[in-house]
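Notes follow once the structure below has been shown.
The values are calculated or read from the model by the stated rules, or taken from the named source; none is laboratory data. All values reported here derive from a predicted model rather than from experimental measurement. Every residue, glycine among them, receives a Cβ derived from its backbone with ideal geometry; neighbour counts consider all protein chains shown.
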Amino acid sequence: MKGLGFVSTTTSNTNTGSQTDLINTDFVPADVDAGNWDVLKPYFKALRDRVINSVGDLEQWLLDRSELEASISEAGANRYIAMTCNTEDKEIEQAFLEFVENIEPKVKPEGFALDQKYVACPFRKELDQDRYQVIDRDTEAEVKLYRDENVALETELAKLDQQYNKICGAMTVEFDGEEKTMPQMATFLQKTDRAVRQSAWEGIAERRAADVEKINDIFDKMVKIRHTIAQNAGFDNYRDYMFEKMHRFDYTPADCEAFHQACEELVVPLQRKINAERKMQLDVESLRPWDLAVDVKGRDPLTPFDGADELVDGSERIFQKVDARLGNMFARLREPGCLDLDSRKGKAPGGYQYSRDRSRQPFIFMNAAGMQRDVETMLHEGGHAFHSILSETEPLLHYRHAPMEFAEVASMSMELTAHPFLTEFYSDDEAQRAVREHLEGVVNTLPWIATIDAFQHWLYTHPDHTRSEREAHWLSLLDRFGPAIDHEGYEQHRPNAWHRQLHLFGVPFYYIEYGIAQLGALQLWLQYKQDTGKAIQNYCDALALGGSKPLPQLFEAAGMKFDFGPNAVKSLIAEVENELNTLPA
Ligand SMILES: [Zn+2]
C-alpha cells in the first residue's frame, strides 16, 4: 500500500523530534503486550500465512512486520533498561531473563521464516531498488547463510564465550592488602608514583598469565568451530563467511588491509612521536608499559562536574554552541524516562544509548562519576540519541538503525566537534588538556584497531595454525603497530596479550567498525572547522537516512569519503598532529 508512504528522510533534517508524525500501521496496537508469547504468536502466524498478490502487498507486509518487530524490540529494551538501572531487584531481573530465555528464542525462528517468505516472494524483484536495496540484500544474506547444523555450533560458541567471561570476571589481584578487580587495578596505572604503577602492572600481568593455558584452550576450540561453520555454509574460510554475515557488502578484506597499511605508515609514527615526548616529560630512561596512563605533568585527574544535573546542563550548553539544532534535540532528552546518568550502587557498569523502537524514545544510561571520560561518554551517547531522533520517522525498523561503521560516526564526531566548547566544564587550560587527552586517545586507538583486525584476518585464514605460530604472528603485529615501549624483563607477557580483547572471543571480526567510524568522525571535525553550519547540516542529513542506504552513500550524504586507505588517512592524521601542536604539552 503506497499510501502509507515513505517519508522522504533526506529532507527531514530540521526535524527536532516531534513525535506526532510517526508512521504506524494498524497491524499491532501500540500498547500490545510484546513480552508475552501467546500475544505475539498470532501476529507471526498472520504474517507467515498472508497471501501476497502484488508489490504493494509486499510493501505493506514489510511495514507490518516492522511494526511487530519494533514492539518486541521495545519490550526487550524496557526490560534491559530496567535491569541495568536496578540490578538488585529480583522481579525486574526475572522479567528480563524471562524475555531472553522464553521470548527471544521463539521470535528468532519466526523471524527467519519471514525472511524466507520474503526471499521467495516473486514480487520482491518489483520493489523499488533505490528504496529496498539494503533490506533486500541483508535479508537475502540471512537466508543464504543459514544452516541447520550451525545452530548447535553457535550455541557451543556462546558457551565457550561464557567460560571465557567467567575466567576473566574471576580475575582479582591482591594489592595494597586488598583484593582488587581488574578494572580497579587499572586505576593504579594512573598513579603518579611510578613504583606503584609498576607493581600494579606486574600484578595484572601475572594474574593474566595464570590463565593463559585455559584461555588458549577455549580459543583453539573457537577457531575450529568457526571454521566448520564457514565450511558448512559453503565458504573457504570464516573471514569470508563473516564479511557476508556482518553485511559487509560495501568493503572487502583488501580495504581492511589498506586501513592496516595506513595505520602502520601514518598513525604509528605519530603515536611513537607522542610516546617519545611522554618519555621526555616523565624524565625516564625508557618508557615502560606502566608509563602510558599517567598524566605526564603529575596532575590530578580533571573533575568537570559534580552530579548528573551539572553534566546534563553543561552538555546541553555545549550542544547549543556546537549548533542550536543539536542543542534542541538534546533538550528533548530531559523528558521523563530518557536519562539515568549518576553512578550508584545497584547499577550495571558501562554506558549505552538505546532507542525504544516502537515509541521512538531514546534512552541514555551511564555511570557518571565526575570524570572527563563521563563528559566524553555523554557527548558520544548524545550523538547516538540524535541518530535515533533524526531517523524516527523512517517507517521500516530495519532502516532506523545504521550499521556500526556509520552509527559510530554519529557519536564519535560529537566528541570532536565539542572541543572548542569544553570550557563549559573547564578553565581554558583544563579544556586544552582534555582536548589533548582526547586526540592522543584517537592516535593510540587506531593502531590497536589495526592490530586486532589484522590478527583476526590471519587467525581465520590460517585455521590450522599452532599456538606458537599464533604467538609469533601476534608478536609480528605488535612490532608493526605497537607503540614501541620497553618490555625488557617482561617479554613473557607479550605473546598472549590479545587475551584481554574480549571481542576476539565473543564478537569475532567486530572491531574495525570503530576505525572506519573514527575516520568519518575526523572528517566531520574538519568540515566543522571550516563551516560549522554546513557540517552540522551534512551530519543531520546523513543521520536522517538511518540505515536506509549503503555505507558509501551514508558517508557521501555527510560530505565524507568512504575510504580508509593511506590517501584518506594522511590528511586526517596531519590535521590531528597540527591540532596537537597548537596545544600546550
Ligand atoms: Zn557508540
> Has the stretch 163-171 got any residue that is among the charged types (D, E, K, R), in contact with a helix residue (DSSP H, G or I) (Cβ under 9 Å, 6 or more places away or on another chain) and either within 30 Å of Phe249 (Cα to Cα) or free of Cβ contacts under 8 Å to residues at least 24 places away in the same chain (or both)?
Replying inline: no
>> Based on this model, can you work out whether Ala385 counts as farther than 20 Å from Pro584 by Cβ and either of a type in the set (Asp, Glu) or out of contact with any helix residue (DSSP H, G or I) (no Cβ under 9 Å at 6 or more places or on another chain) (or both)?
In response: no
>> Of everything in the stretch 23-79, what is basic (Lys, Arg) and in a loop (DSSP other than H, G, I, E, B)? Give them in sequence order.
In response: Arg50
> Which residue out of Tyr514, Tyr510 is of a type in the set (Phe, Trp, Tyr), closer than 27 Å to Asp136 by Cβ and surrounded by fewer than 22 Cβ atoms within 10 Å (Cβ to Cβ)?
Replying inline: Tyr510
> part of a helix (DSSP H, G or I), buried (at least 23 other Cβ atoms within 10 Å of the Cβ) and at negative phi, is that true of Glu381?
Replying inline: yes
>> Checking the structure you have, find out if any residue of the stretch 405-415 is among the acidic types (Asp, Glu) and assigned to a loop (DSSP other than H, G, I, E, B).
In response: no
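Restricting to the stretch 222-249, give me the number of residues that are over 19 Å from Asp464 (Cα atoms) and part of a helix (DSSP H, G or I).
Within the stretch 222-249, residues that are over 19 Å from Asp464 (Cα atoms) and part of a helix (DSSP H, G or I) number 3.
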>> Looking only at the stretch 355-374, filter to residues that are part of a helix (DSSP H, G or I) and in contact with a helix residue (DSSP H, G or I) (Cβ under 7 Å, 6 or more places away or on another chain); which one of those is farthest from the ligand (Cβ to nearest atom)?
In response: Gln372
> Using beta carbons and a limit of 7 Å, which pairs, at least six apart or on different chains, have the first residue in the stretch 23-48 and modelled with pLDDT under 95 and the second one among the polar types (S, T, N, Q) and outside any helix (DSSP H, G or I)?
Replying inline: Ile23/Thr393; Ala30/Asn24
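Looking only at the stretch 399-424, count how many residues are within 17 Å of Gly559 (Cα to Cα) and within 15 Å of the ligand (Cβ to nearest atom).
So the count comes out to 12.
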>> What's the total number of residues in the stretch 298-332 that are in contact with an Asp or Glu (Cβ under 7 Å, 6 or more places away or on another chain), under 30 Å from Phe188 (Cβ atoms) and assigned to a helix (DSSP H, G or I)?
In response: 3
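Give the residue, chosen from Arg360, Arg325, Arg344, Arg356, that is of a type outside the set (Ser, Thr, Tyr), exposed (fewer than 15 other Cβ atoms within 10 Å of the Cβ) and either over 29 Å from Ala585 (Cα atoms) or at pLDDT 95 or above (or both).
Exactly one of Arg360, Arg325, Arg344, Arg356 is of a type outside the set (Ser, Thr, Tyr), exposed (fewer than 15 other Cβ atoms within 10 Å of the Cβ) and either over 29 Å from Ala585 (Cα atoms) or at pLDDT 95 or above (or both), namely Arg344.
Considering only residues that are within 14 Å of the ligand (Cβ to nearest atom) and among the aliphatic types (A, V, I, L, M), which ones fall in the stretch 375-390?
Within the stretch 375-390, Met378, Leu379, Ala385 meet the criteria.
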> Is it the case that the stretch 391-398 has a residue that's away from the ligand (no atom under 16 Å from the Cβ), part of a helix (DSSP H, G or I), modelled with pLDDT of 95 or more and not β-branched (Val, Ile, Thr)?
Replying inline: yes
> Filtering the stretch 525-547 down to residues that are assigned to a helix (DSSP H, G or I) and of a type in the set (Gly, Ala, Ser), which residue is surrounded by the most Cβ atoms within 10 Å (Cβ to Cβ)?
Replying inline: Ala542
